[in-house]
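Trainee: Take a look at this one; I'll ask things after.
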């Protein structure tokens, strides 16, 4: 839907040649910009360390699960039905705890990622807007989002934004 609106907007802008001649359009690949920012590397490292804690916990629980299953399978023939039922319930409860922990970990890592990336995204957005105002661009399109229909290399503001941020 967003692409359709963008295409229609661009079509209307091109169709009105007198208006199109006064507009200054630019584009940037925000993904490339983020990859160039040293803050992203630090953020990725922090997120990986955070996720590793959950992974270690899940691996420990999985080993415990495998050991319980192995013990159950080895002694199943000699167990009474009541003991089998208790052991199977223990195994099922542990499996449920593992699944719950995995889901919780995914949610928490996602929240952490958003929390860590937000200042970086805000910094990039601020720099993009500053360059757009300084260079009198009317619109800036993000090439990494597939929202670009056509762009001349001269209108790519990535080098200007990198300079604004002090990046190479």
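Coordinate-derived values only; no laboratory data. Just so it is clear, the model here is predicted, and its values are computed rather than measured. All Cβ positions, glycine included, derive from the backbone under ideal geometry; neighbour counts span all protein chains shown.
Trainee: Given a Förster distance of 41 Å, report the FRET efficiency between residue 64 and residue 122 from their Cβ-Cβ distance, rounded to the nearest 0.05.
Mentor: It comes out at approximately 0.45.
Trainee: Give the distance, in whole Å, between the Cα centre of the stretch 20-42 and the Cα centre of the stretch 68-92.
Mentor: Distance between centres, Cα-based: 59 Å.
Trainee: Starting from 0.36 nm per residue, how many nanometres of slack lie between residue 168 and residue 77 once their C-alpha separation is accounted for? Don't skip to the end; give the middle numbers.
Mentor: Details: separation 91, 0.36 × 91 = 32.76 nm, distance 6.83 nm.
Contour length minus Cα-Cα distance gives 25.9 nm.
Trainee: List the residues of the stretch 36-69 whose backbone N lies under 19 Å from a point placed 7 Å from the Cα of residue 84 along the Cα-to-Cβ direction.
Mentor: Taking a point 7 Å out along Cα→Cβ of residue 84, the residues of the stretch 36-69 whose backbone N falls under 19 Å are 68-69.
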